[in-house]
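The values are calculated or read from the model by the stated rules, or taken from the named source; none is laboratory data. Please read all numbers here as calculations on a predicted model, not as lab measurements. FYI the Cβ positions are ideal-geometry reconstructions off the backbone, even for glycines, and counts take in every protein chain you see. Surface areas here come from the heavy atoms of the whole protein model, side chains and all, with no ligands, DNA or RNA. Shrake-Rupley method; radii C 1.70, N 1.55, O 1.52, S 1.80 Å.
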Amino acid sequence: RGTFRNAVPLDLLADVLRRLALEGSPAVADSLLTKTLARRPGWAHLYELRAVSALRAGQCDRAEADFRALLEFAIVRPDGPLRVEECRRGRAP
């Protein structure tokens, strides 16, 4: 449900951002997720989505930084290190 501060319900926005990160242009996803993170730095899910988008674009260091940012929220992606390593080896996610 939207509010004055958040006109778009977060669950709807999260679905659109997830689909963009997984299926859309990595450059567009990165740009939109970065702008959204600037407005909502406490929304941990955005770091995960941006990491996935970075992996798709071959931006391994960016993905690693976003997976590390998740640790600040006590969120551990067990497959994070492996996915970053595969990225560094040139394997697509």
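Annotations
- If you go through the stretch 45-93 and keep only what is part of a loop (DSSP other than H, G, I, E, B), of a type in the set (D, E, K, R) and either closer than 24 Å to L13 by Cβ or in contact (Cβ under 8 Å) with a residue 12 or more places away in the chain (or both), you end up with E72, R77.
- For A44, the stated conditions do not hold, so it cannot be described as open to solvent by less than 40 Å² (accessible area, probe 1.4 Å) and modelled with pLDDT of 95 or more.
- Qualifying positions in the stretch 23-44 - touching a Leu at 6+ places or on another chain (Cβ under 8 Å) and either of a type in the set (S, T, Y) or not in a loop (DSSP other than H, G, I, E, B) (or both): V28, A29, L32, L33, T36, L37, A44
- Only one entry in R77, R50, R83 is open to solvent by less than 70 Å² (accessible area, probe 1.4 Å), within 14 Å of L17 (Cα to Cα) and basic (K, R), namely R50.
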